[in-house]
């Protein structure tokens, strides 16, 4: 007999490498995927900046859960999108407000769609991380030529 999986205690690891290309851009490497991001303060011509990338992760997290849960709940989605706006404080730098609107096009009853939204937020890796915060620990490794 196979023991049931203990879902609540499973751990998943993520690995991302971001490599500087030049003074304005870097490339993020995620598994076999890459995308360009802006590393020039006040710039953004080369790609999304760090805050926009973070907010994109929030939108992606919500839509991932909306899609997954809609399938489980047998809700037919015709369309879904998330629009996010945030306010940044300069000193110390940080986002102080994040507001989103989840637009869902479906023939499902509104109360079922509101429940879908509630569960999408509840089960979101990024939504939980942003809402509750996570300690960040880092170190520097210096290589001199």
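The values are calculated or read from the model by the stated rules, or taken from the named source; none is laboratory data. Note that the structure is a prediction, hence the values are computed from the model and not measured. Cβ coordinates were reconstructed from backbone atoms using ideal geometry, including for glycine residues, and neighbour counts include every protein chain displayed.
Checking the stated criteria, residue 12 turns out not to satisfy the condition of being at pLDDT 95 or above and out of contact with any strand residue (DSSP E or B) (no Cβ under 6 Å at 6 or more places or on another chain).
Each residue in segment 1-40 was checked for being assigned to a loop (DSSP other than H, G, I, E, B) and surrounded by fewer than 10 Cβ atoms within 10 Å (Cβ to Cβ), and 16 of them qualify. Residue count for segment 99-128 satisfying the condition of being in contact with a helix residue (DSSP H, G or I) (Cβ under 9 Å, 6 or more places away or on another chain) and loosely packed, with under 15 Cβ neighbours inside 10 Å: 4.
Scanning segment 68-84 for residues that are part of a helix (DSSP H, G or I) and either surrounded by 13 or more Cβ atoms within 10 Å (Cβ to Cβ) or touching a helix residue (DSSP H, G or I) at 6+ places or on another chain (Cβ under 8 Å) (or both) returns 68, 69, 70. Within the set 84, 104, 75, the sole residue that is closer than 13 Å to residue 54 by Cα and in the same structural domain as residue 53 (by TED's automatic domain parsing) turns out to be 84. Residues that are in a helix (DSSP H, G or I) and farther than 27 Å from residue 12 by Cα are absent from segment 85-94 altogether.
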